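Please read the structure below before turning to the comments.
The values are calculated or read from the model by the stated rules, or taken from the named source; none is laboratory data. Not measured: the values here are computed from a predicted model. Here the Cβ is made from the backbone with ideal geometry for all residues, glycine too, and neighbour counts use every protein chain on show.
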Amino acid sequence: MIPTSSTTAEPDFVLAIDFGGTKVAVAVADLKGRILEQTELPTEASAGADAAVRRTLAVAGALIANQVEMRGGECVAVGAVSPGIVLVDRVLLAPNLPGWEKLSLPDLLRNGLRVDHVMVGTDVKWAAVAEAKWGSLRNSDPAVFISFGTGMGAAVVIGGRVRSGAHGAAGEIGYNLRGIQDECGIAAGHAPLEEFAGGRAIGERGSRVMGRNLSAADVFASTDVRARSIVDEALAELSVHVANIAILVDPERIAVGGGLMSSADRVLGHLSRRLKMAVPFPPEVVPARFIHDGALRGAAVLALEAAAASPPSSLTAMETFGLAK
């Protein structure tokens, strides 16, 4: 059980940051991982990576100061997650965040917040860690976590550990080819599945068809037959890929989270129908426990692991603390 607030005799705390394609979530948590205070700010990705990080540091600094004033103690570690492959000096495969490929998140966070223990990781994988530790994937083995929001990704949990792959890129399903017609993939800078079925793509396609600016959530909410067709096509496409994952992994359970799970019945309905039709042993499909803040919860786990690290660390978490090749 993870309550959203807590009183505790231990005054020290950690900071968690989830850098997303449309918003950044920031929270402080106690040393048991319970969220004490959190807030959000728009990413404003078009303004550049440096600007997004500067604004985040200002908000994070204010949260830290507020906690110190209320509780005493200090911020002992920072955990931050982002789309893509988060390395010490850059972030790869994060097309929705221009400039991220030149960003050294560990250094920026350590220097900007003056906290020695800093670790960074991939948002979907650490959301899966949170689900396996506290949420809908607990005691399920193997299991799969699917994130469906601005972008998309998957994480496979085996033996209680999220598999990272040889390069940290396991589960980057946005780069899946949609069929033999796909001649342009990552080598040409494309993510075929995400460019068709991801939230950004749904919003852009809906805006073109409907003749006004729409978000993916707007398209999902619309009763217009054209909008419904766009959503159904995207979900049908996503369902095929989730079914193929299930055939490969044979999971006990699949949990789905992310911003577009505001339409959970619709999303899970498409997935369940495809899995029952295509998978020899269809897994249970459930909403994630932390539908909208799974990555933030994962960042809190990452911060707690960073706090336990000795000596102080400013490393990535690709191969450590709940992740494995």
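Check the stretch 209-223 and report whether any residue there is in contact with an Asp or Glu (Cβ under 6 Å, 6 or more places away or on another chain) and either buried (at least 21 other Cβ atoms within 10 Å of the Cβ) or assigned by TED's automatic domain parsing to the domain that holds G153 (or both). No, there is no match, as no residue in the stretch 209-223 is in contact with an Asp or Glu (Cβ under 6 Å, 6 or more places away or on another chain) and either buried (at least 21 other Cβ atoms within 10 Å of the Cβ) or assigned by TED's automatic domain parsing to the domain that holds G153 (or both). Only a single criterion out of (1) crowded, with 22+ Cβ neighbours inside 10 Å; (2) farther than 25 Å from G179 by Cα; (3) modelled with pLDDT under 95 is not satisfied by L260, namely (2). Scanning the stretch 24-52 for residues that are loosely packed, with under 14 Cβ neighbours inside 10 Å, acidic (D, E) and touching a helix residue (DSSP H, G or I) at 6+ places or on another chain (Cβ under 8 Å) gives a single hit, E44. Scanning the stretch 133-148 for residues that are touching a strand residue (DSSP E or B) at 6+ places or on another chain (Cβ under 7 Å) and either β-branched (V, I, T) or not in a loop (DSSP other than H, G, I, E, B) (or both) turns up A143, V144, F145, I146, S147, F148. Each residue in the stretch 88-102 was checked for being touching a helix residue (DSSP H, G or I) at 6+ places or on another chain (Cβ under 7 Å), surrounded by fewer than 24 Cβ atoms within 10 Å (Cβ to Cβ) and assigned to a loop (DSSP other than H, G, I, E, B), and 6 of them qualify.
Remark: pairs (first residue in the stretch 191-207, at positive phi and modelled with pLDDT of 95 or more; second residue of a type in the set (K, R) and buried (at least 21 other Cβ atoms within 10 Å of the Cβ); Cβ separation under 7 Å; 6+ apart in sequence or on different chains) are absent. Flag: R71 matches the condition of being surrounded by fewer than 23 Cβ atoms within 10 Å (Cβ to Cβ) and over 17 Å from L108 (Cβ atoms).
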